[in-house]
């Protein structure tokens, strides 16, 4: 009784095409791309790269911040996400508060243990926190010129955390990978705050 | 306390009469067995004694529950509203209605699996939840505001909160008033907006900033990444009728070209199946399928379609019922059953402006929609209590027009297509349209049929020609298909798992992956409890059985009640969207007997048997049921 998956899909498509209703046209679209992809691509972080948000296509779903906390903290917790989504669902206006990887990073300059706690990746320019060395003094948070500060303190561990573009993750920042609207991208840093 | 994953562990319990708020452990209601959403609500309703009161009685509990998956990234961020439904006709029945948006996840992040509201406030109030704390607050300043204004006002006082609210229709106890979150996520069916109104509860605002704990995050991520890689949560059929209005090409094209601002959807879901439109002079908001109720009929104007949606959402009226109302009005007037004046309308564009382009100018549509919708929201329209109750007063011909569109407990639209779905309608307590996509003609039925040995439905695969044929009215093993969809529906409404993002058509790759395998894996990874397919499936069956027990005990449900209207045994509505032929009484009776036997129920009276309930781990419930 078993029929092959490929055959089944083809026949369904033919069937739907024959049905010709407005609804089934949409269903055909859903039939494409059903094969699992083995994506092993490695994402290269551009020099002084940062997360760039495109508000004209963002739908405010917040998958970015959920995946962020899940990847980094192993829990879904928007308060522990490196990026914060700001939503106005009545205007469909959305923005994201995330570290801009400044060229002259005040957080780095403020850190009493810079280069051991708050560090700069020499290859990419990414500013990242080495949790083993962080004392949770909060100077980096005070030093961030942005409002709200893009470095935050984890209330449970008393350690600072911030976006490090998922440093060490072969596929690059997880928020970009899982943004279904392609509203996030890696952009070369231009020094702006 | 043992560490809990998936569930938050608490239910917020509110008594508006006594003005008391407490937190009750979710574990009091066997969440491992009843999961969440409809299952959890039904279990709570059972614990409350399934009260035999009217929908607007203070003892009717308004229950809003999420499930263990709610809060996680994926199409899981839904809540289910349950209680005695004022919309049910002729009898008010225990039913359910779901909504997405942002509110469900925020409720979980605040630390709650659900909210139970009992009693009635003596003046307008709203419930404000800020993580652990909750308070009943004065809502005099919100009463009378539309749903958008109410939410915007609440956002000023509670900037990071998400709210579910009622509009004027809920305040006047319209039987199909909605509970709305944001601009397009509503619990529409059931009339639970009226239940909120009867309690003088204008809104529930929740701010949640806490965690949703996942037992095996790596496993969860792996499962999510596979769905992502398979493209299933990125594109799919539902997007085409959710993002764009199904009102014919001119309107569809114009809306996309001029007014589509961007896509929209529920929190945490990559599918984003809605479209957000901004039409100056009329308003902004999201649409998803039946939001185009006014534009579905005829080739009207973009302005009419959009005002129909925006005005109904603001007033808090169920769009699905409005579609039924339009069909009822146009069919009934054409049949001479009643006049437009009988419906409280001075004109209807589809009749009085039928020869004009777009059925009249935007002003014509504005005047009609204002008269119809304001009349409903103010409680003055003869239709405000629902079509069934209106048809009773309009006479027997009107009643037949009604029953052509309302075969059992709701408006059929295109969700009564085959014998199996008729059986589903006959044995539910509301229209089952939120699960009927499993029956529809998008190829879903053969997929389920072939991989689960269920040869029912309206479509068959012909191995000789390699094509699907449109054979209809198949009684053979239709009970298996109905029971499969019912168990699946019970799970989808309890985990929860969005109907649109889980349709077999976009989702089914057996044998390595079908919906049950995925659901059991994802629930196991989130809760840390080992749900294999059979254990999960048993939960679906258990939830369906509990709802049946409630029907039997509270509503005296019997075998004789398990039917769609007798007219459907004599004739059908020839619109190509419903049953192909009248039901055969003998075959139907045999089918019902087979259904009860498959369910392990007593075929004489349709009651669940003690032995079956005990086998499903429901001894505590079986003990109270005389079978």
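Side notes on the structure shown:
- Annotation: of all residues in the stretch B:250-276 being more than 9 Å from chain A (Cβ to nearest Cβ) and not in a helix (DSSP H, G or I), the one that is nearest to residue B:227 (Cα to Cα) is B:273.
- Residue count for the stretch B:545-583, restricted to those that are outside any loop (DSSP other than H, G, I, E, B), closer than 30 Å to residue B:48 by Cα and either in contact (Cβ under 8 Å) with a residue 60 or more places away in the chain or in contact with a strand residue (DSSP E or B) (Cβ under 6 Å, 6 or more places away or on another chain) (or both): 11
- Considering (1) at pLDDT 95 or above; (2) more than 8 Å from chain A (Cβ to nearest Cβ), the lone condition that residue B:214 does not fulfil carries the number (2).
- Selection status of residue A:49, out of contact with any strand residue (DSSP E or B) (no Cβ under 9 Å at 6 or more places or on another chain), more than 8 Å from chain B (Cβ to nearest Cβ) and either at pLDDT 50 or above or surrounded by fewer than 23 Cβ atoms within 10 Å (Cβ to Cβ) (or both): no
- Some residue of the stretch A:160-181 being surrounded by fewer than 18 Cβ atoms within 10 Å (Cβ to Cβ) and over 20 Å from the mean Cα position of the chain (by Cα): no
- Residues of the stretch B:157-186 satisfying the condition of being touching a helix residue (DSSP H, G or I) at 6+ places or on another chain (Cβ under 9 Å), closer than 20 Å to residue B:138 by Cβ and in a helix (DSSP H, G or I): B:168, B:170, B:171
- Apart from one condition, residue B:348 fits all of (1) within 18 Å of residue B:293 (Cα to Cα); (2) buried (at least 19 other Cβ atoms within 10 Å of the Cβ); (3) in contact (Cβ under 8 Å) with a residue 24 or more places away in the chain; the exception is (3).
- Scan of the stretch A:173-185 for residues that are farther than 12 Å from residue A:68 by Cα and either in contact with a helix residue (DSSP H, G or I) (Cβ under 6 Å, 6 or more places away or on another chain) or more than 14 Å from chain B (Cβ to nearest Cβ) (or both), ordered by number: A:184, A:185
- Qualifying residue in the stretch A:19-34 (condition: at pLDDT 50 or above, within 10 Å of chain B (Cβ to nearest Cβ), crowded, with 23+ Cβ neighbours inside 10 Å and farther than 18 Å from residue A:166 by Cα): no
- Any hit, the stretch B:37-55, residues being out of contact with any strand residue (DSSP E or B) (no Cβ under 7 Å at 6 or more places or on another chain), without any contact (Cβ under 8 Å) to a residue 12 or more places away in the chain and more than 28 Å from residue B:228 (Cβ to Cβ): yes
- From the options B:21, B:84, residue that is more than 22 Å from the chain's Cα centre (by Cα) and in a strand (DSSP E or B): B:21
- Scope the stretch B:121-134; condition touching a residue at least 24 places away in the same chain (Cβ under 8 Å), surrounded by fewer than 18 Cβ atoms within 10 Å (Cβ to Cβ) and over 13 Å from residue B:158 (Cα atoms); matching residues: B:122, B:123
- Residue that is farthest from residue B:162 (Cα to Cα) [pool: residues in the stretch A:57-71 that are part of a loop (DSSP other than H, G, I, E, B) and more than 7 Å from chain B (Cβ to nearest Cβ)]: A:58
- Taking the stretch B:170-211 as the range and being under 24 Å from residue B:430 (Cα atoms) and within 14 Å of chain A (Cβ to nearest Cβ) as the test, the residues that pass are B:180, B:181, B:184, B:185, B:186.
- Of all the residues in the stretch B:361-419, those that are outside any helix (DSSP H, G or I) and either on the phi > 0 side of the Ramachandran plot or buried (at least 17 other Cβ atoms within 10 Å of the Cβ) (or both) number 20.
- Complete set of residues in the stretch B:568-585 that are over 25 Å from the mean Cα position of the chain (by Cα) and modelled with pLDDT of 90 or more: B:569, B:570, B:582, B:583, B:584, B:585
- Looking across the stretch B:223-243 at every residue that is more than 9 Å from chain A (Cβ to nearest Cβ) and surrounded by fewer than 22 Cβ atoms within 10 Å (Cβ to Cβ), the one that is farthest from residue B:295 (Cα to Cα) is identified as B:223.
- Answer residue from the stretch A:141-159, given it is in a strand (DSSP E or B) and more than 13 Å from every other protein chain (Cβ to nearest Cβ) and is surrounded by the fewest Cβ atoms within 10 Å (Cβ to Cβ) among those: A:159
- Against the criterion of being out of contact with any helix residue (DSSP H, G or I) (no Cβ under 8 Å at 6 or more places or on another chain) and either surrounded by 24 or more Cβ atoms within 10 Å (Cβ to Cβ) or within 30 Å of residue B:233 (Cα to Cα) (or both), residue B:102 qualifies.
- Within the stretch B:24-42, tally of residues that are surrounded by fewer than 24 Cβ atoms within 10 Å (Cβ to Cβ) and farther than 15 Å from residue B:112 by Cα: 3
- Residue list for the stretch B:290-300, restricted to those being more than 14 Å from residue B:319 (Cα to Cα) and either surrounded by fewer than 24 Cβ atoms within 10 Å (Cβ to Cβ) or touching a strand residue (DSSP E or B) at 6+ places or on another chain (Cβ under 7 Å) (or both): B:298, B:299
- Boolean, residue A:65 is modelled with pLDDT of 95 or more, surrounded by 24 or more Cβ atoms within 10 Å (Cβ to Cβ) and either in contact with a strand residue (DSSP E or B) (Cβ under 9 Å, 6 or more places away or on another chain) or more than 20 Å from residue B:103 (Cα to Cα) (or both): yes
The values are calculated or read from the model by the stated rules, or taken from the named source; none is laboratory data. Note that the coordinates shown come from a computational prediction; the quantities given were computed from them, not determined experimentally. With ideal geometry, Cβ positions are generated from the backbone for all residues, glycine too; neighbour counts draw on all protein chains shown.
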